[in-house]
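Notes follow the structure.
The values are calculated or read from the model by the stated rules, or taken from the named source; none is laboratory data. None of these values were measured; they are calculated from a predicted model. Don't worry about glycine lacking a Cβ; one is built from the backbone with ideal geometry, like all the others, and counts go over all protein chains shown. Only protein heavy atoms, including side chains, enter the accessible area calculation; ligands, DNA and RNA are left aside. Shrake-Rupley method; radii C 1.70, N 1.55, O 1.52, S 1.80 Å.
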Number of protein chains: 2
Amino acid sequence: MADFKVNILGCGSATPSLRHLPSCQVVDHRDKLMMIDCGEGAQLSMRRMKLKYSRLNNIFISHLHGDHCLGLPGLLSTMALHDIEGTVTVHTFAEGAELFQRILDFFCRERTYDLRFNIIKPEQGIIYEDKALTVETFPLYHRVPCTGFIFREKPKLRHINREMVDFYRVPVSQMLAIKEGADFVMPDGTVVANERLTTPAEPARSYAYCSDTAYNPRVAEAVRGVDTIYHEATYADDQADKAAQRGHSTAAEAARIALEAGARQLIIGHYSKSYNDESRHLAEARAIFPNTIAATEGMTVDLN
Amino acid sequence: MADFKVNILGCGSATPSLRHLPSCQVVDHRDKLMMIDCGEGAQLSMRRMKLKYSRLNNIFISHLHGDHCLGLPGLLSTMALHDIEGTVTVHTFAEGAELFQRILDFFCRERTYDLRFNIIKPEQGIIYEDKALTVETFPLYHRVPCTGFIFREKPKLRHINREMVDFYRVPVSQMLAIKEGADFVMPDGTVVANERLTTPAEPARSYAYCSDTAYNPRVAEAVRGVDTIYHEATYADDQADKAAQRGHSTAAEAARIALEAGARQLIIGHYSKSYNDESRHLAEARAIFPNTIAATEGMTVDLN
């Protein structure tokens, strides 16, 4: 199975319905889980999708509308009841950190893990980094301050050609440098080009989350070159006026962003409850950007 | 259909599972909806059970543990998005009112309805009254302050015997008094006993909600004479020690309360997630109080 994927836990808009839950996704990168937004019901959706609380250490909140974060108190309380240890970091705006700290201090005084808040800003850039991945913010254009997130794998290591490194007697101490692309210098000074010793690394992939936002070409600039883009598509063309009024996008606008950014695939979501299904959204997006997927609860999308 | 019933929206304990949601019930009295506790997911369960937000004007919170009230911000926000009008009153302890007021002022600034908090105390007595019903509090015995609620129908009107009131020429102006049980005095001074003019009213029914609480005979005293009792039964006998430690009850203890109180029927719920089903709870309760029902999500119990 892919070691970089995104699980869709909720892809409805503000009002939950019997068809869609409020916004929540879980990025799984080499078994580390990172949640993006945490609408009401997120804790239950994690159980439903068999995503373990113990692997979740980072939660990224795009903006402080209830449908993107009201699942946080319940999730964090339940994690304490499950004796989760280690550190759980919530990346959010200052006023969200203050409010959630207060709510958690009220409802979840006895925490088994260390709860931290990382205060972020949309224009900040990299807000999280581990050995294999970075997460960066970029501004979205909604009715309230809102940030997108780009999950970017770091360059991966090249694969050693075992026969060749044996032939040239490359010492173990040099192996990491070789995997990172260095040439090998033999004791007699002869240089062996890295390409003779290795085969190329898998490409580093990236995933951008863009919700909630009006259509804005600056979003396409911010996510240029990202492989997979999730972009909100609250409305179809028939309600383009509402999209503009409310700081949301149509499916066609989401597709234009993916096209302008040069993405490989587009996932749409955050559907208004005024639609009975997403066939219009999907048709209108695919007319502009064919490789479009309509998000649905329980879906896992391979990001490799 | 019955004009007094209770809908079970959630009957699990602190940790939601794929089998049970956190605590939430909706009492329906003559089409007025009154919610008791509001665990995460309550708003969605209302939709699932086709209970209209527009009919919900009172929410009663038993205590300030997250599994009994964390659905409140989402429910109240969604009600504003649905343009609900009128007044919505949340009956809760002072510190809950303060916190929820702050959360709602943050996430749901533009309310279409008037949100009020009624500060209650467990030992208070009647906290709500309308034409046909009262709601009163009584103390429960949990780890934090906790209140039970008794929903009590007011005495109902007797039924007019049309033939008899025509025969005695009872004027319309006297009819309400007759329904309330008055005798009729004829113009010549003859007294016609009420029993000749009417047939008996339906009995006034009552419903008590007891969660969360350790077993305590004072609970039985408080709910003596109530027709239907909901009493928490977090554990079966095999975990009686945990029940005592954590301020909860076993199913057998719930049944003892119903027996001591002289109830007509008992509903048990608030099951620990450590059980795969409620067969033990039900068997142990029925051994003491045969007319026991095991609550489950989506169930409606007739209170008439």
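Across the identical copies, the 7 Å label point of A:Ile126, projected outward along Cα→Cβ, sits 6.8 nm from its counterparts, in ascending order. On the range B:200-273, 45 percent of the accessible area sits on carbon and sulfur atoms, based on a 1.4 Å probe. Between helix A:251-261 and chain A there is an angle of about 20 degrees, using the helix long axis and the longest principal axis of the Cα atoms. 3J(HN,Hα) along the range A:220-232: 4, 4, 5, 9, 4, x, 6, 5, 10, 10, 9, 10, 4 Hz, from the Karplus curve 6.51 cos²θ - 1.76 cosθ + 1.60 with θ = phi - 60°, whole Hz, x for Gly and Pro. Loop sites here are GluC sites (Glu not before Pro) outside DSSP states H, G, I, E and B with no more than 14 other Cβ atoms within 10 Å. The longest part of chain A free of them is A:181-304. The distance from the alpha carbon centre of the range A:163-179 to that of the range B:196-238 is 78 Å, rounded to a whole number. For a distance above 16 Å, tell me the whole-number percent of Cα pairs in the range A:173-256 that qualify. Roughly 64 percent, rounded to a whole number. Across peptide B:66-73, the mean count of Cβ atoms from other chains lying within 10 Å of each residue's own Cβ comes to 5.
So what does log10 I(q)/I(0) come out to for chain B at q = 0.07 Å⁻¹, using the Debye formula with one equal point on every Cα and no solvent? Calculated log10 I(q)/I(0) at the listed q: -0.31. Taking only the C-alpha atoms of the range A:127-191, Rg followed by Dmax gives 20.2, 66 Å. Shielding of peptide B:8-20 by partners, expressed as the average count of other chain Cβ atoms within 10 Å per residue Cβ, is 2.
Karplus-derived 3J(HN,Hα) values for the range A:195-207, using 6.51 cos²θ - 1.76 cosθ + 1.60 with θ = phi - 60°, are 4, 7, 9, 9, 10, x, 5, 5, x, 6, 9, 8, 9 Hz; glycine and proline are entered as x. D for the protein assembly as shown, whole µm²/s, Stokes-Einstein with Kirkwood Rh over alpha-carbon pairs at 37 °C and 0.692 mPa s: what number? Here the translational diffusion coefficient equals 120 µm²/s. Which trypsin sites (Lys or Arg not before Pro) in the range A:15-99 sit in a loop by DSSP (not H, G, I, E or B) and have at most 14 other Cβ atoms within 10 Å of their own Cβ? Here the sparse-neighbourhood loop sites are A:Arg30, A:Lys50, A:Lys52. Quarter the surface of the alpha carbon convex hull of the range A:119-160 and you get the mean projected area, 3.4 square nanometres.
Maximal additional length on extending the A:Arg196-A:Arg169 stretch stands at 8.4 nm, based on 0.36 nm per residue less the C-alpha distance. Ignoring lysines fewer than eight residues from B:Lys32 along the same chain, the ones with Cα atoms less than 26 angstrom from its Cα are B:Lys5, B:Lys50, B:Lys52, B:Lys121, B:Lys131, B:Lys154, B:Lys156, B:Lys179.
Other protein chain C-beta atoms within 10 Å of residue C-beta, averaged over B:48-56: 0. Measuring with a 1.4 angstrom probe and ignoring ligands and nucleic acids, B:Arg256 comes out at about 100 Å² accessible. Using alpha carbons only, how many degrees (0 to 90, rounded to 10) separate the axis of helix A:72-81 from the longest principal axis of chain A? Tilt relative to chain A: about 60 degrees.
Where does helix B:94-107 land angle-wise versus the long Cα axis of chain B, in degrees 0 to 90, nearest 10? Once rounded, one gets 80 degrees.
Students often get this wrong: which residues of the range B:198-233 have the backbone nitrogen under 19 Å from the point 7 angstrom along Cα-to-C-beta of B:Arg143? Only B:211-216, B:232-233 fall inside the zone, counting backbone N under 19 Å. In nanometres and ascending order, the distances from the A:Gly225 label point to those of the other copies are 7.9 (point 7 Å from Cα along Cα→Cβ). The DSSP beta bridges internal to the range A:1-129 are antiparallel in roughly 50% of cases.
Per-residue Karplus couplings for the range B:156-173, computed as 6.51 cos²θ - 1.76 cosθ + 1.60 with θ equal to phi - 60°, are listed in order as 8, 7, 6, 8, 5, 8, 4, 4, 6, 5, 5, 4, 8, 6, 5, x, 4, 4 Hz, Gly and Pro entered as x. When only alpha carbons are used to place a centre, the range A:91-146 and the range A:16-30 end up 18 Å from one another.
Taking a sphere under 10 Å around the Cβ of A:Glu195 and counting the other residues whose Cβ falls inside, with K and R at +1 and D and E at -1, yields a net charge of +1. Put simply, the Cα atoms of the range B:149-304 extend 72, 30, 23 Å along their principal axes, the longest span coming first. Computed per residue of the protein assembly as shown from DSSP H runs no shorter than four, each worth -39500 (n - 2.57), the mean residue ellipticity at 222 nm is -7000 deg cm²/dmol. Put simply, when B:73-83, A:261-271 are sorted by average Cβ atoms within 10 angstrom per residue, most first, you get A:261-271, B:73-83.
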